[in-house]
């Protein structure tokens, strides 16, 4: 088939503007086995409950096989949504009906569809800066702009948010990741959550609370989700099975008012009709039979150890002027060296066989070149130590 | 949470125009067990290879467990794409590289993304009329218009297509389902396929050849796919595991030139990042270990029998002026009564406890109210006979 296809001119304007995700590109580059990669946002395969999954699959296939293989409802498996509603009530103090939940093909699809239903092309939303690169990709694909608000150790700075709202008074929503944020690992304080909700509610602005990592807290007390404080249905809550079961299922979910869920349902009919019923039945078994509650502490214990390894290696090897966050959960830490340019450093790091994600990938306007995101969950203990040593060397030699 | 939410005003223009799919609505109505539904496009659960799936799942989990549960590449599992490229070469005479294949979350996602990459909002494409309702839903969600070209027993009427092209000279693509079309069950003749490709190639128009049912031929000889005659990469070929394995996997695939696959890859990064790796590993086992080749004849034999039951029941019970197609494969037949209004008849049919999909659902402009689509694969033999009797009664009493 022709490689240099004259049919290229047939592409839409959108297709012309689409850019590869920095992280996806990176994953291709760093597949080489001699590179220690802190780049991907990958769970550790040691955290996957292989034996349990075999049990669950067999049991569900035996009991529900024919339904498990058939087309499912767009909103997801009813018994799964019921189990999640119950879990949310008990564990998260979130009061929702099964009809207020919609399963999505990973949280990515939720982010994409939320952009579609809430914003017209050319409009803008507000987020933390930095923010999750997958959200940037999802919104950019719908030509939606993002205005970033700076963070400190307590999360989004609400005074800065107020200032931003003066210049940008009508954001279509405010997107935040309050727990162990991607990419910074920072957790938003209780006070900030309350203030944020107050600001949004006053102005009738939707908050999208993305919570993929909330279950993975290594220490300290749980902080109530913004959704649990929501009184008027202005918070849309997202979570996923990718970090507490496995990403291969491509199963995320949205909790929102019925009218929002109904719009997402219509969007999903167009985008992919329904999520995988096989994934949904397995997830249902995982939640309802207690597997999930037994697995989460194991994942936490593994990741806490990995986090400790990485932070201790930072302390031991990094030059004194390199700053980093000490996340109390999740998967990432955010490393900053004032005056450095991590985009330029990346090539040097690759030469030293260590990879990270450049900080600029987490800014809609690609500003900030002083930081990088490091994942601490995927690598072996030895690789964490060795990778940090290499990174320290990169900092020392080239900055 | 507030049911009548003032945040409604926050929805995008798109969200305001989204309509529920006629078929999804129907599926909700017809869930009642006393209704015989010929409505859904559901495979028969008897066709699902339950035992084989248990074997494949266990083996893949044992050998590839950790990769099977991890995030996968956006384009899909390399070994699956390799196996499909090989299969396409042998079975379909389609010459493609693994890099020219992209896995999608069901064909629905492919249809949605093809709209995105080839057409700007407000532009138009050409399709058979009637056409698959899922394609209408996918394109409508991107504000893409569809111009329908009439069909006869040999598929799209190419003289009519030429006429249409005079009024609509720049369609972003031509969408067709050549084998056992949904909804009509009609198969496009070899001559029509050649002519269609010629017309499109001359004018530099992309053809999207959707082939979910090609493997399910009950009788007669296979007709070469348009893709197999493609010389300049202008044909995008779609297929799916939904009809030859099971829909619960949500696994379809696109075969196209590398530049088109790369654009789809970028779109998929925004929409859902990647398909289910679990589904992909199971599909890979299904294809490479010979399960698929053993299963397809079983499905064909089951569906041929169901088709025969339905056509024989038509012959026995339908009034003489009711016309219907006699599909040589696939899942659907198209029933027409001149002067009838099947939208209005639907209520009567529901009273008689039998359901179908109204013909107007398969027209972008919702014209044509004389037809209905009947699925023959899902119901039991007894229900096929009884359902046709009831429909015959509806025709007799109310038309």
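The values are calculated or read from the model by the stated rules, or taken from the named source; none is laboratory data. Computed from a predicted model, the values in this text were never measured in an experiment. FYI the Cβ positions are ideal-geometry reconstructions off the backbone, even for glycines, and counts take in every protein chain you see.
No other residue among A:90, A:56 is over 21 Å from the mean Cα position of the chain (by Cα), free of Cβ contacts under 8 Å to residues at least 40 places away in the same chain, more than 9 Å from chain B (Cβ to nearest Cβ) and within 18 Å of residue A:295 (Cα to Cα) apart from A:90. Within region A:10-24, the set of residues being at pLDDT 70 or above and either over 30 Å from residue A:386 (Cβ atoms) or more than 7 Å from chain B (Cβ to nearest Cβ) (or both) comprises A:10, A:11, A:12, A:13, A:14, A:15, A:16, A:17, A:18, A:19. Answer yes or no as to whether residue A:248 is part of a loop (DSSP other than H, G, I, E, B) and either touching a strand residue (DSSP E or B) at 6+ places or on another chain (Cβ under 7 Å) or within 14 Å of another protein chain (Cβ to nearest Cβ) (or both). The answer is no for residue A:248. When region B:312-344 is filtered for residues that are under 25 Å from the mean Cα position of the chain (by Cα) and farther than 20 Å from residue B:185 by Cβ, the ones remaining, listed by number, are B:341, B:343. Filtering region B:225-239 to residues that are away from chain A (no Cβ under 11 Å) and within 15 Å of the chain's Cα centre (by Cα) leaves B:237, B:238, B:239.
Would you say residue A:273 is farther than 19 Å from residue B:71 by Cα, within 20 Å of the chain's Cα centre (by Cα) and assigned by TED's automatic domain parsing to the domain that holds residue A:184? So residue A:273 fails the test.
Among the residues of region A:224-262, the one identified as within 15 Å of residue B:18 (Cβ to Cβ) and buried (at least 24 other Cβ atoms within 10 Å of the Cβ) is A:260.
So that you can scan it fast, the table gives a plain yes or no per residue for (1) in contact with a strand residue (DSSP E or B) (Cβ under 7 Å, 6 or more places away or on another chain); (2) at positive phi; (3) at pLDDT 95 or above:
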| residue | (1), (2), (3) |
| --- | --- |
| A:297 | no, no, yes |
| A:305 | no, no, yes |
| A:311 | no, no, yes |
| A:322 | yes, no, yes |
| A:330 | no, yes, yes |
| A:337 | yes, no, yes |
| A:340 | no, no, yes |
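Can you tell me which residues in region A:320-375 are in a loop (DSSP other than H, G, I, E, B) and either assigned by TED's automatic domain parsing to the domain that holds residue A:130 or closer than 26 Å to residue A:217 by Cα (or both)? Correct list: A:325, A:326, A:327, A:328, A:330, A:331, A:356, A:363.
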